[in-house]
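Written below as structure tokens is the structure these notes are about.
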Amino acid sequence: MTAGVAQPADPALPGLLLALAGGQRAALRSLYDRQSTRLFGIANAVLRDRDAAADALHDAFLRIATRAGQFDPARGAAEAWLAAIVRHAALDLARKRGRELPSDDPALGDTPVAPEALDRVLANDDSRRLKDCLSTLEANRREGIVLAFVHGLSHAQIAARLALPLGTVKAWIRRGLLQLRGCLT
């Protein structure tokens with residue numbers, strides 16, 4: 001992929017989701033082969049833990065297998081639908097892990113890791129366009145989007161972290177995403 005050029009949509013995905021909804025289990029394997037690398041990256045960006053991301057990806061593909069009939073191409077791209085399922089699976093896992101108590105044993109990997117996901121994404125030459133578009137956003141919208149999509153925080157968690165009303169945070173993120181969409185298209 002060249003810098004600043006969006007990756008084209010996979011035209012086979014809607015048909016594979018339709019086949020999967022119709023009971024053709026081979027379509028799930030094809031979906032996995034085509035999308036697992038990209039979707040794993042999404043889960044890993046949220047969780048910042050490769051093992052947990054693999055678990056989230058597994059959970060997501062189980063959800064995809066059972067919910068394929070809910071995909072509606074009139075409402076959006078198959079890639080976005082799949083990404084949303086993976087993101088939600090990763091957030092569900094992150095919330096569950098957040099309730100676990102760390103053991104204080106560094107050998108078990110319980111030590112927190114500094115969030116560097118956005119820096120890694122923006123360091124990639126292929127992400128220059130995203131970086132440019134993010135820089136055009138107002139600081140509050142950019143911060144809300146980064147907290148939600150890079151760090152995996154819910155709207156309520158962002159509102160608590162920024163000490164702002166939930167509705168304000170939701171509006172900032174929504175407006176920011178609309179502005180990003182306009183910039184990236």
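The values are calculated or read from the model by the stated rules, or taken from the named source; none is laboratory data. Small disclaimer: the values here were computed from a predicted structure and weren't measured. Cβ placement follows ideal geometry from the backbone for every residue including glycine, while neighbour counts extend to all protein chains displayed. These area figures cover heavy atoms from the full protein model, side chains too; ligands, DNA and RNA do not enter into them. Shrake-Rupley method; radii C 1.70, N 1.55, O 1.52, S 1.80 Å.
At a glance:
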{"item": "Of all residues in segment 68-83 being part of a helix (DSSP H, G or I) and touching a helix residue (DSSP H, G or I) at 6+ places or on another chain (Cβ under 7 Å), the one that is nearest to A94 (Cα to Cα)", "result": "A83"}
{"item": "Matching residues in segment 51-62 - criterion: being open to solvent by 20 Å² or more (accessible area, probe 1.4 Å) and modelled with pLDDT under 90", "result": "D51"}
{"item": "Filter pass, R87 being assigned to a helix (DSSP H, G or I), over 11 Å from the mean Cα position of the chain (by Cα), within 18 Å of L31 (Cβ to Cβ) and of a type in the set (K, R)", "result": "no"}
{"item": "Selection within segment 2-50 - modelled with pLDDT of 90 or more and among the polar types (S, T, N, Q)", "result": "Q24, S30, Q35, S36, T37"}
{"item": "Enumeration of residues in segment 132-145 that are open to solvent by less than 50 Å² (accessible area, probe 1.4 Å) and more than 17 Å from A83 (Cβ to Cβ)", "result": "C133, L134, L137, N140, R141, G144"}
{"item": "Long-range neighbours under 9 Å by Cβ, at least six apart or interchain, first residue closer than 19 Å to A43 by Cα and of a type outside the set (K, R) within segment 132-152, second part of a loop (DSSP other than H, G, I, E, B) and at pLDDT 85 or above", "result": "I145/L137"}
{"item": "Residue pairs meeting the criteria (Cβ under 6 Å; at least 6 apart or on separate chains; first polar (S, T, N, Q), in segment 10-23; second at pLDDT 95 or above)", "result": "none"}
{"item": "In segment 120-144, the residues that are modelled with pLDDT of 85 or more and β-branched (V, I, T)", "result": "T136"}
